[in-house]
1. What is the residue count in the stretch B:88-123 for residues that are more than 10 Å from every other protein chain (Cβ to nearest Cβ), of a type in the set (A, V, I, L, M, F, W, C) and either surrounded by fewer than 20 Cβ atoms within 10 Å (Cβ to Cβ) or out of contact with any Asp or Glu (no Cβ under 6 Å at 6 or more places or on another chain) (or both)?
2. Would you confirm, using the coordinates I've provided, whether A:LEU323 is closer than 30 Å to A:THR131 by Cα, modelled with pLDDT of 90 or more, out of contact with any Ser or Thr (no Cβ under 8 Å at 6 or more places or on another chain) and among the aliphatic types (A, V, I, L, M)?
3. For A:GLY227, indicate whether it is of a type outside the set (Asp, Glu), surrounded by 18 or more Cβ atoms within 10 Å (Cβ to Cβ), more than 16 Å from A:GLN105 (Cα to Cα) and more than 14 Å from chain C (Cβ to nearest Cβ).
4. Got a sec? Which of C:TYR96, C:TYR100, C:TYR77 is within 11 Å of chain A (Cβ to nearest Cβ) and modelled with pLDDT of 90 or more?
5. Say whether the condition of being assigned to a strand (DSSP E or B), under 30 Å from A:ALA33 (Cβ atoms) and facing chain A (nearest Cβ under 9 Å) is met by at least one residue in the stretch C:39-54.
6. For the stretch A:53-75, which positions are more than 8 Å from every other protein chain (Cβ to nearest Cβ) and touching a strand residue (DSSP E or B) at 6+ places or on another chain (Cβ under 6 Å)?
7. Can you tell me which residue among C:PRO104, C:PRO139 is within 23 Å of B:THR133 (Cβ to Cβ) and either touching a Phe, Trp or Tyr at 6+ places or on another chain (Cβ under 8 Å) or assigned to a strand (DSSP E or B) (or both)?
8. Kindly indicate which of A:LEU198, A:LEU264, A:LEU188 is within 26 Å of A:TYR138 (Cβ to Cβ), more than 21 Å from the chain's Cα centre (by Cα) and in a helix (DSSP H, G or I).
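The values are calculated or read from the model by the stated rules, or taken from the named source; none is laboratory data. All values derive from a computational prediction rather than experimental measurement. Don't worry about glycine lacking a Cβ; one is built from the backbone with ideal geometry, like all the others, and counts go over all protein chains shown.
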Amino acid sequence: MRPENYEAQRHPPSHEYELFIGPNHPGIEGNYAFKLRLHGDRVIEGKADAGYLHRGFEKLMEGRLWIQNLAITPRICVPDPVPMEVSYVLAVEDLCGLEVPLRAQWLRVMQLELSRIAAHLFTFGGHAATTGMYSTMYWGVADRDLVLDLFEELCGGRVYHIYNIPGGVRRDMPPGFTERVANTLDYLESRLPDYDNLLFTNQVFVQRARGIGPISRQQALEWGVTGPNLRATGLKFDVRRDDPYLVYDQIDFEIPTEEAGDALARALVRRSELKESIKIVRQVLERLPSIPGPIRCPIPNPLAWNVPAGSTYTRVESSKGELSWYVVSNGKERPYRTHVRGPSQMHAVQVLERLSVGCRIEDVAQIMFSLDACPPEVDR
Amino acid sequence: MSALDKIQVREERLPPSKGQAQAGKGTNPLANVFDELINFARSRSLFMLHYCTGCGAIELPPAMTSRFDMERLGVQPMVSPRQADILLVTGYVSVKTLKRVILTYEQMSAPKYVIGICSCTVNGGMYWQSYATAKKLNDYLPVDIYIAGCMPRPEAVIAGLRDLIENIKHGEANSWKDYYQRYDHYLGNQQRLFGEDWQTPTNVIGEARHYGLFGPETLGAHTALLEQYQRPLDALDMKIEIPELQRFQRP
Amino acid sequence: MSKELSTWLDKLLQELEGIEFRRKSARRLRVDVAPDALPALLELLRGRASYVHLSAISCVDWIEEGEFELVYHVWSYELQSLVSAHTRIPREPGRYISVYDIYPAAGFFERDIHEMFGVWFEGAPDMSKFILTEWDGPPPMRKEFDSEAWVNAHFDWQDYNPEWLQDLVAQGGGIAIPPDEQRFSRRNVDET
């Protein structure tokens with residue numbers, strides 16, 4: 001007996017065949033599966049198969065204290081864990097009415113943007129690897145490691161930081177940190193021309209990525225596409241601008257868009273966003289010395305903390321799109337309900353299925369990586 | 001006694017002396033030389049099947065690429081389980097993934113090694129309350145090395161791999177034999193989780209006989225259930241839906 | 001023009017019967033509707049008030065009251081505000097109508113809520129199992145499902161008997177509560 005959902009969807013006519021691009025596959029980001037029906041090399045239908053990473057997060061969070069949940073929230077989205085933490089913490093602060101000190105808000109912005117830089121570098125590598133250009137993956141992972149070094153110095157963990165707590169951040173920057181961040185940003189910005197030569201203006205990649213998985217504006221709005229994928233269709237929508245949180249309304253940054261809506265446009269949008277994130281972190285580093293003060297506001301004893309009853313919905317722009325949390329409290333020391341809406345819940349499932357129809361089989365992996373679909377967010 | 005005296009000191013591992021003949025090998029002294037050479041060569045060229053089962057997979061690219069460079073130890077990523085030596089279970093395994101991990105493990109050819117990365121494979125880790133993740137990986141598969149961490153740094157992954165390389169060199173990484181020798185135990189745990197009619201396409205008992213590892217614990221109550229629920233794995237029934245050819249179809 | 005639209009929306013919502021609404025902040029508006037009025041409200045919001053983006057559909061299990069609360073969060077790019085439409089359906093039949101025809105993005109959320117809570121959405125394009133394909137227990141997000149009890153019944157824990165623990169046991173100490181009886185998360189939930 002094979003696992004239950006190995007059964008074929010239906011009995012296909014003889015010129016079609018079904019191909020399971022199963023969980024153990026280099027063309028799939030993370031642990032995800034995709035069932036294709038093919039006619040020769042063309043995909044006729046695709047069905048996404050999630051659930052390989054399901055941990056029952058929402059149930060787990062209901063059984064832990066508010067402060068204990070901080071340890072597991074970053075693990076919902078593996079490549080880009082910081083927006084998860086920040087949005088959960090913003091929700092708790094909203095429920096309690098906590099006033100976060102200004103310095104902590106700026107530190108949070110720095111952390112979010114550094115995480116966005118790291119996630120985009122990883123995505124460049126992933127997207128390029130689906131077209132066979134593995135050097136970019138090596139470069140992207142190596143450059144991302146420099147950012148992870150910064151995180152390790154700041155919070156103690158390379159990937160999962162648990163740096164935010166309701167009311168602020170855990171600790172302040174170590175001395176000399178500002179110079180190291182500035183050096184890393186200078187280095188990353190000097191690498192962008194190299195990435196352009198290798199990837200973004202390289203005709204091998206451009207010819208492969210142009211016209212793959214095009215989304216029109218109408219389709220994007222209908223299917224609930226958010227984030228860089230939406231901006232690649234030409235719409236200038238960004239949660240940091242439309243629904244500002246933390247101190248984004250005091251920071252000057254552009255929202256890059258492209259027109260074509262295909263895989264190449266999405267890659268170019270991410271590249272521009274990387275530049276913008278570097279700009280934002282530089283502004284934060286400039287402002288931080290002039291904002292002294294505490295890095296957290298006083299909170300009651302976190303082990304015996306009854307958060308007031310209510311519900312809240314926080315939205316944050318992660319590197320993949322709009323990330324939101326719906327948190328309900330009934331006045332107890334544990335959350336009553338936390339619902340995570342990750343951007344990949346739209347991208348990896350419905351959008352991927354619709355975009356893969358009509359494309360060739362070698363482009364399926366590229367569509368998935370160009371949408372930056374992150375399976376842990378889908379399954380939670 | 002102070003607390004310091006109670007700390008265990010890790011003894012240096014002594015290699016087995018060359019003159020000892022292995023059990024069942026006869027008294028030909030040259031047989032050992034080949035075995036040791038093969039073990040040495042095998043330990044230095046491992047193909048790793050990077051089945052990114054969970055969170056820990058994000059620290060594998062840094063370990064594989066230029067900064068921490070696993071390839072200088074001879075460990076190279078490989079896509080297909082048929083040609084891989086090591087199954088890296090990076091992170092927690094949900095029940096759905098565990099079925100595929102077992103299928104993948106059985107597709108690998110012997111000798112094969114399993115490394116359980118992250119604390120979730122050890123004892124449930126951070127998701128110990130979760131209804132959807134497996135808690136103890138070596139209930140379902142024999143595991144050679146666990147690398148604890150949440151998640152372990154690339155240096156920790158490489159240290160674990162070096163331990164595995166040492167074990168293989170000394171001929172101690174034989175957990176794959178345990179799967180054949182105690183198949184009933186593993187199958188029992190698998191059936192307890194997946195249901196009584198759990199089956200895989202691999203004929204593990206036949207393989208156990210082939211490798212000469214068929215032991216008293218290979219068969220048991222759980223393998224008896226295999227025969228009971230056995231379904232032949234035949235090809236899918238193709239129906240041709242062309243009306244003109246309907247009259248030729250089998251009734 | 002957007003400012004007029006939002007005041008128009010506030011006035012309209014005030015006049016409709018059966019709707020209770022509360023503006024929580026400049027960009028968050030909470031609306032409580034009866035279950036049969038909700039799809040009409042969503043269609044109105046989408047068609048006339050530019051709320052084209054369905055951000056999420058959440059389901060909350062109020063087990064004491066015997067109801068499921070479904071919350072539809074819709075966002076307008078033009079007005080830059082979020083409307084959360086809350087409605088309650090009885091827990092027992094747990095059926096509701098799907099809004100897939102209004103918002104295609106609802107397909108994912110309804111399928112997810114169906115798997116996790118057991119709520120059936122009529123008219124949804126695909127209600128087949130998605131994440132929990134190999135799960136044969138009750139819908140896990142319901143409050144009566146105890147995840148920890150399930151884990152203790154179905155899984156084993158690692159045997160961990162290191163030498164320092166054996167020494168302690170030899171001296172008369174040891175683990176006071178064995179792992180099977182430690183229920184960390186549920187111990188005090190009824191006492192607080």
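1. 7
2. No: the conditions fail for A:LEU323.
3. Considered against the rule, which asks whether it is of a type outside the set (Asp, Glu), surrounded by 18 or more Cβ atoms within 10 Å (Cβ to Cβ), more than 16 Å from A:GLN105 (Cα to Cα) and more than 14 Å from chain C (Cβ to nearest Cβ), A:GLY227 comes out as no.
4. C:TYR100
5. Yes, that holds for at least one residue.
6. A:MET61
7. When all the criteria are applied, what remains is C:PRO139.
8. Details: A:LEU264 fails: more than 21 Å from the chain's Cα centre (by Cα); A:LEU188 fails: more than 21 Å from the chain's Cα centre (by Cα).
Every option except A:LEU198 fails the conditions.
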